[in-house]
Amino acid sequence: MSTEGRSTWGDWVDEACAGVEAAGRWRAPRSFDAQGHEGPLIASAPGRGVVSFASNDYLGLTTHPSVVAAAHGALDRWGAGAGASRLVTGSRPVHHDLEAALADWKGTDAAVIFPTGFAANLSVLSVFASGGVVVHSDELNHASIIDGCRLARADVRVVPHGDLAALDRSLAAATGRSVVVSDTVFSMDGDLADVGGLVAVARRNGALLVLDEAHAVLGPELGDTAGVDVLRVGTLSKTLGSLGGFVAGPARFVELLVNRARPYIFTTAPTPADAAAALAALGVVRSDEGDALRIRLQALIDRVARGIGATHHLSPILPVVIGAEVDTVAASASLLEQGLWVPAIRPPTVAPGTSRLRITLSATHTDEQVDRLVAALADLVPKDGRGVGSAA
């Protein structure tokens, strides 16, 4: 077949890359050679030391001695990889131990783990949002939920953020089975869903409720769920400092995921080291030490929130909404010059005109590191508090 007059794939890629560059949205990963929050950020020049306020390692468990030791022990016992998907040959005892512990933690019949939290959301929505189902999804849900909705064969209805009345109307207008899906802590604004309200609306309308609790290190807690089916999606890579995702819920629902979820059936299992690290981290989270880490984290959140003029904040994600992309990138660069890494979040991750600095805090940030951040932010944040917090 002749290709005369037609662009080659190379031409198309060059044009696509040029379009991203022209829009000022070109990105590339940076090499951060650190164990914990502080270390050299390596670019074209020799690496300079920075303190990262970009990680989701909210309790600092990535470097916790017992978590690291558990990963080493799993490497010694089972090797580096799981070998295959679990239904073929990939399951190790630590996978089952972790699932039992996660189910106990979440107060559910069962749990199943996945290689990533993204895969967990894709699995839930592709399995339960089948043909004839209507999915009601909060407009600020995470990309993994959005992509899960795209893969589903269901009718998807996007509901205004946090609007329980609109959700109720959407459910009432639907015929057949419905799924309500929402983050419990929204990843770009750090605001909390009204979990009790979501439970009540789902119960009233007979809907399956899917809650993504990836960022819910400090809550909100799920209360009485009698009379409603709930699937709790979580990640092993944030609160638990490892890598992977999970779904916890009624036993038969979890069994259906094992038998129908393509990201489970056709993907190699999480590594034994990741599973062992998450299991050890869960032990820390559920201990007195875990309580102390959460208290410490909330205290640091309160300190930074006061510094940027925000009201009492209940998640470790603190956005400073600046608006214009160029101004946000400049603000991030200014902080980096002071040795503070606070990422600029801009479209397509957030809506145009709502570009922001996204500060994430960890219980293992030091007082000195947080004091430096608060002082540096003082010149960037309007004194009247405008531009701070959610853009919704």
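Here are some notes:
Let's see how each residue does on (1) of a type in the set (Ser, Thr, Tyr); (2) crowded, with 21+ Cβ neighbours inside 10 Å; (3) out of contact with any Pro (no Cβ under 8 Å at 6 or more places or on another chain):
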position: GLU289; (1), (2), (3): no, no, yes
position: ALA292; (1), (2), (3): no, no, yes
position: ILE295; (1), (2), (3): no, no, yes
position: ALA299; (1), (2), (3): no, no, yes
position: ALA310; (1), (2), (3): no, no, yes
position: LEU318; (1), (2), (3): no, yes, yes
position: VAL321; (1), (2), (3): no, yes, yes
position: THR328; (1), (2), (3): yes, yes, yes
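The rows are residues; the columns are (1) in the same structural domain as VAL350 (by TED's automatic domain parsing); (2) closer than 24 Å to ARG286 by Cβ; (3) surrounded by 22 or more Cβ atoms within 10 Å (Cβ to Cβ); (4) in contact with a strand residue (DSSP E or B) (Cβ under 9 Å, 6 or more places away or on another chain).
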{"site": "PHE114", "(1), (2), (3), (4)": "no, yes, yes, yes"}
{"site": "GLY117", "(1), (2), (3), (4)": "no, yes, yes, yes"}
{"site": "PHE128", "(1), (2), (3), (4)": "no, no, yes, yes"}
{"site": "VAL133", "(1), (2), (3), (4)": "no, no, no, yes"}
{"site": "ASP138", "(1), (2), (3), (4)": "no, no, yes, yes"}
{"site": "LEU151", "(1), (2), (3), (4)": "no, no, no, no"}
{"site": "LEU164", "(1), (2), (3), (4)": "no, no, no, no"}
{"site": "LEU167", "(1), (2), (3), (4)": "no, no, yes, yes"}
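- Verdict on VAL51 being assigned by TED's automatic domain parsing to the domain that holds GLU221 and among the aliphatic types (A, V, I, L, M): no
- Within the range 189-209, the set of residues being surrounded by fewer than 21 Cβ atoms within 10 Å (Cβ to Cβ) and in a loop (DSSP other than H, G, I, E, B) comprises ASP191, ASP194, GLY206.
- Output for the range 248-274, where each listed residue is of a type in the set (A, V, I, L, M) and either more than 19 Å from LEU125 (Cβ to Cβ) or in contact with a Gly (Cβ under 8 Å, 6 or more places away or on another chain) (or both): ALA248, ALA251, ALA269, ALA273
- Taken over the range 40-64, the criterion of being touching a strand residue (DSSP E or B) at 6+ places or on another chain (Cβ under 9 Å) and free of Cβ contacts under 8 Å to residues at least 12 places away in the same chain is satisfied by PRO40, PRO46.
- Members of the range 97-154 found to be within 16 Å of the chain's Cα centre (by Cα), more than 17 Å from GLY245 (Cα to Cα) and outside any strand (DSSP E or B), listed by number: GLU139, LEU140
- Close pairs from the range 12-27: first assigned to a helix (DSSP H, G or I), partner among the small types (Gly, Ala, Ser), Cβ under 8 Å, at least 6 apart: GLU15/SER7
- Residue list for the range 252-278, filter: outside any helix (DSSP H, G or I), of a type in the set (Ser, Thr, Tyr) and surrounded by 23 or more Cβ atoms within 10 Å (Cβ to Cβ): THR271
- Test for ALA214: is it of a type in the set (A, V, I, L, M), out of contact with any Leu (no Cβ under 9 Å at 6 or more places or on another chain) and either surrounded by 18 or more Cβ atoms within 10 Å (Cβ to Cβ) or assigned to a strand (DSSP E or B) (or both): yes
- Of the helices (runs of 4 or more DSSP H) contained entirely in the range 279-392, those carrying at least 2 residues that are within 21 Å of the chain's Cα centre (by Cα) and at pLDDT 95 or above fall at 288-307.
The values are calculated or read from the model by the stated rules, or taken from the named source; none is laboratory data. Nothing here was measured: the structure is a model prediction, and the numbers come from that model. Here the Cβ is made from the backbone with ideal geometry for all residues, glycine too, and neighbour counts use every protein chain on show.
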